Amino acid sequence: MNDITQILKNDGFKGFISVGNLMQSHKIIPAHSGVYILLRLKDSEPEFLERGTGGFFKRKNPKNPNVSVAELKDNWISNAAIVYIGKGTSLKTRLGSYLRFGEGKFATHWGGRYIWQLKDSRELVVCWKTMDEDPRVVEERMIAKFKKEHGGRRPFANLKD
């Protein structure tokens, strides 16, 4: 599965830092638009948490980010290292919000919340690619490619195309 890191590096992705390390310091994340990917590089099946580390979405009428373990298992794709594809007009701002959410804080980043119900979420690897092209278009293209390679299924934590 580590072949994916080399493929992504060849495609211009940078970073490849654990979620846990990025939570300690966001300084390395560029403040440029782009896409990012979360990778789970273990071959073993994950352990899902009933209650993840994700915070609640927004302060007014907060929404619980947790779903049932059965739903997580239904979304899991064995042997797929890519577990989430995201985008942002500022990777630093977007990933910062995502990581704060994973630390249990209120955040404005609701997408990818299934990640925080993985017991080993802090061991996931984050990489990113900056671009001048619209990151939403690139994200859609990457999800479509993933779906083509995985029988029409999106990455584990991508809940929409």
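Whenever a residue of the stretch 29-51 is of a type in the set (Lys, Arg), its partners that are modelled with pLDDT of 95 or more, lying with C-beta atoms within less than 6 angstrom and at least six residues away or across chains, give the pairs 40/83; 40/124. Per the conditions (1) surrounded by 17 or more Cβ atoms within 10 Å (Cβ to Cβ); (2) at pLDDT below 95; (3) within 22 Å of residue 141 (Cα to Cα); (4) not aliphatic (A, V, I, L, M), the sole criterion not satisfied by residue 96 is (3). If you go through the stretch 119-145 and keep only what is free of Cβ contacts under 8 Å to residues at least 40 places away in the same chain and either surrounded by 14 or more Cβ atoms within 10 Å (Cβ to Cβ) or touching a strand residue (DSSP E or B) at 6+ places or on another chain (Cβ under 8 Å) (or both), you end up with just 140.
Within this structure, residue 37 fails the test of being buried (at least 19 other Cβ atoms within 10 Å of the Cβ), touching a helix residue (DSSP H, G or I) at 6+ places or on another chain (Cβ under 6 Å) and not small (Gly, Ala, Ser).
Residue 116: in contact (Cβ under 8 Å) with a residue 60 or more places away in the chain and more than 24 Å from residue 47 (Cα to Cα), yes or no? The answer is no for residue 116.
The values are calculated or read from the model by the stated rules, or taken from the named source; none is laboratory data. Being a predicted model, the structure only gives us computed values, none of them experimental. Using ideal geometry, Cβ is built from the backbone for each residue, glycine included, and neighbour counts are taken over all protein chains shown.
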